[in-house]
Each structure stands twice: as structure tokens, then as C-alpha cells.
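Heads up: the structure comes next, in C-alpha cells.
The values are calculated or read from the model by the stated rules, or taken from the named source; none is laboratory data. Source: prediction; values computed, not measured. So basically every Cβ, Gly included, is an ideal-geometry build from the backbone, and we count neighbours across all protein chains shown. Note: accessible area is taken over every heavy atom of the protein model, side chains too, but ligands, DNA and RNA are not part of it. Shrake-Rupley method; radii C 1.70, N 1.55, O 1.52, S 1.80 Å.
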Amino acid sequence: MGKKGRRLLCLCLLAAVLGGVAWKTHDAAQKPLQIGVSIYLDTDTFVEKIISGMEEAAHAYEEETGRKIVLNISAANGSQRLQNEQVKRFMAFGCDAVCVNLVDRTSASSIIDIVLQEDPSVPVIFFNREPVPEDIMRGERIYYVGSDAKQTAVLQGRSVAASLRRRPEMDKDGDGVLQYVMLEGEMGHQDTIMRSEYSVETIEEAGILLKKLDSGTADWERGRARMLMEQWLAAYGSEIELVLCNNDDMALGALDALDAAGVSAAVFGVDATDVGMEALSAGRLWGTVDCNGKAQGRAVFRLAACIAAEGRVPGDVMLQKERYVRVPLYNRMSAK
Ligand code: BGC
């Protein structure tokens, strides 16, 4: 083959190689980004809000980048074994990122093992149910998105103190002491532990005297909260002046029972779910803490998608201690 022929052959080979590369890049850009999401239950109002934040952010990402997003959302029905199976399935299926709302927050390690064994480059974003820091630090691409549990409690406590200043009739019998009951979330959940302790501490630090009549767990649920509240109403009646609730759904359950019994008491929640905000606007709920569920969902999605597709943490997600996203929190108080 002459010089000319060889040059032509080289050019053809180069064109073929470049064409191949171009075709491959195009293919990768067109391939939908698959994100596996496992939630502990599909009936939790606040987790639902986080998921809707993720869906909105996924839609915005598709519009911005033209890349299709597939969110594979599975509910683990309260079973850690089932959640592990779901994550195995995500990995076998070739998901680009995995987002996990743990059933049991002490079981993060089993999820991390599954992902690291299969493909350590896949980002894992835990949200709402916080693993211990040792678990988060087990891999390069492990993150947590949630709210600062202690801060939610401090805000709830401040809201109670501010309400008492504005509405002294909250102390119904005028004895200078607020008789209260507390509805707690699921045992062992970081938010239950911190909210139960620091809301009371903050109220007392504001110089308010408290007397605990009773407390118990209603596992974050409205129906169970109503039942507990009915028992307390039977035992203490209108002696109850304040109902501190670890979340809005339980606050609504307490209000259901109070309304049915015709007893009034100041009820405070946490979350600012849509139903919680409706009760606040109607003046039934005295206060709640806005935990910005949609912003949490947006951060979960943006971390998962940008790390999986572009290998970088997105500029609009602020990290603390390199691996944590804590969304800003706000107090919401009834105008009444
Ligand atoms: C929320 C609760 C929710 C729980 C689920 C908490 O942060 O306040 O409403 O049920 O998370 O893990």
C-alpha cells in the first residue's frame, strides 16, 4: 500500500474510532438515570412529603439536562429484611444511585455492605432516619439528609414559651405551672430521643414551670395518638393544658381526641406537613416546626443524581462535615 493509501486507511480508522466514541457518549447521555429509593413505610405523611420533593426535583433535572430520570420507589413495610432485598435488587438491576429511608437506623451497615460489594462507585443517600457517623464514613460516597433533631426540639420549646407570653390563658387554672402530656415517636428514632428531651429543657430554661402528667409512644401515627390521648383524657380530663408532640400527625390525633371530648389544650407538633399547616391556619394547632420536607427531598435527589451522573456534589447542596445535609428549620405559630 502506498503512502496515500496508508494515510487514507489511518483517517478511516480514526473516523471509525471517533465515531464510536461519539456514539457511546451519546448513548450514555440518553440512558435514563436509574435511582432506587426504599422508604420504611408508605403511609408516613412526612416521608411522603420528602418523596414529593424528590419527584419535583427529578422533573426539574430532566427539564434542565434533557436526561430522563427513573425513580424506582419501593416501600419496605417496616421490614429491614425486605429493605435489604430491595437494595440488592436495585444493585442487580444496575441502579446509578440508591436512596434509603432506613427501617432500622442501626442497620445501615447491611445496606452499605450490599452496595460496596456490588459497586462502591454507586452513591448511597440515607435520609430522615439517621445512621451513626461510623456507618456514614464507611464509604466515599455515603451521605445523610435530614433535619437537626435537637434544633427541632429547641424551636418547639421556644414556640411554647412565646405562646404562653402571648396567650397566658394557656395556663388554664392559672396556677403558674403547665400540666403536660407528651406524645413520642418511634422508640430509638433520633428525632424521638432529641425532641422529647430538648423541648422540655428549652421550656424550663425559659423559666416556665412544667408538670408531666404522662407520656408514651404512638409511633408517629395519628390513630395511635388519638387512642393514647383518649386514655389520658379519661385519667386527667381538663387538667391537661399542654400536649407536646414529636410530630404533626400525632398532634392531629391528640386534637381528634380533645375535640371529641370537648376539652381544650395547647397542642404543638413538628414537621409542617400539609395537614398540620391546615390545622395551624384553622387555629387548632398552636405551633409546629417547619422541617422543610420538600427541601429534604430535593437535596436527596440532587446529591444522588449529580454524584451518579457527573461525579460531583451539586453546588446548591450545602454539606456539613462533608457528608451531612441539614435543611434550615423555621417556627410556625398560630396567628390566633
Ligand atoms: C418526622 C415524623 C416521621 C418520622 C419518620 C420524623 O422526622 O417528624 O413525622 O414520621 O420522621 O421517620
Item checked: Residues satisfying the stated conditions in region 134-151, i.e. assigned to a loop (DSSP other than H, G, I, E, B) and touching a strand residue (DSSP E or B) at 6+ places or on another chain (Cβ under 9 Å) -> G139, R141, S147, D148
Notebook entry, point to check: Looking at D214, D175, which is the one that is outside any helix (DSSP H, G or I), open to solvent by 20 Å² or more (accessible area, probe 1.4 Å), closer than 21 Å to D249 by Cα and not β-branched (V, I, T)?
Noted result: D214
Item checked: From E204, E197, residue being within 30 Å of A76 (Cβ to Cβ) and in the same structural domain as A266 (by TED's automatic domain parsing) -> E197
Next item on the list: Among the residues of region 272-288, write down those that are closer than 22 Å to V200 by Cα and open to solvent by less than 10 Å² (accessible area, probe 1.4 Å).
Entry: A272, G276, L285, G287, T288
Check: Of V98, V87, which residue is more than 16 Å from the ligand (Cβ to nearest atom) and touching a Phe, Trp or Tyr at 6+ places or on another chain (Cβ under 8 Å)?
Finding: V98
Check: Got a sec? Which of N72, N77, N128 is under 19 Å from the mean Cα position of the chain (by Cα) and open to solvent by 70 Å² or more (accessible area, probe 1.4 Å)?
Finding: N77
Notebook entry, point to check: Of all residues in region 218-259, which are charged (D, E, K, R), within 16 Å of the ligand (Cβ to nearest atom) and open to solvent by less than 10 Å² (accessible area, probe 1.4 Å)?
Noted result: D248
Item checked: Matching residues, region 114-131, being assigned to a loop (DSSP other than H, G, I, E, B), within 16 Å of the ligand (Cβ to nearest atom) and either more than 26 Å from L183 (Cβ to Cβ) or among the basic types (K, R) (or both) -> R129
Item checked: Matching option when the condition is surrounded by 17 or more Cβ atoms within 10 Å (Cβ to Cβ), outside the structural domain of D271 (by TED's automatic domain parsing) and either free of Cβ contacts under 8 Å to residues at least 60 places away in the same chain or farther than 14 Å from Q83 by Cβ (or both), among D113, D119, D135 -> D135
Next item on the list: Identify the residue in region 178-211 that is outside any helix (DSSP H, G or I) and open to solvent by 70 Å² or more (accessible area, probe 1.4 Å) and, among all such residues, is nearest to A265 (Cα to Cα).
Entry: K211
Check: For R166, which of the numbered conditions (1) within 13 Å of the ligand (Cβ to nearest atom); (2) without any contact (Cβ under 8 Å) to a residue 24 or more places away in the chain fails to hold?
Finding: (1)
Margin query: Being in a loop (DSSP other than H, G, I, E, B), modelled with pLDDT of 95 or more and buried (at least 21 other Cβ atoms within 10 Å of the Cβ) is true for just one of L102, L41. Which residue is that?
Written below: L102
Checklist line | Pair list, Cβ under 6 Å, 6 or more apart: region 46-68 residue within 14 Å of A299 (Cα to Cα), other residue open to solvent by 100 Å² or more (accessible area, probe 1.4 Å) | finding: G53/R298; A57/R298
Next item on the list: Filter region 169-198 for residues that are without any contact (Cβ under 8 Å) to a residue 60 or more places away in the chain and under 32 Å from the mean Cα position of the chain (by Cα) and give the result.
Entry: E186, M187, T192, I193, M194, S196, E197, Y198
Check: Limited to region 254-304, what total is found for residues that are closer than 30 Å to E64 by Cα and among the aliphatic types (A, V, I, L, M)?
Finding: 6
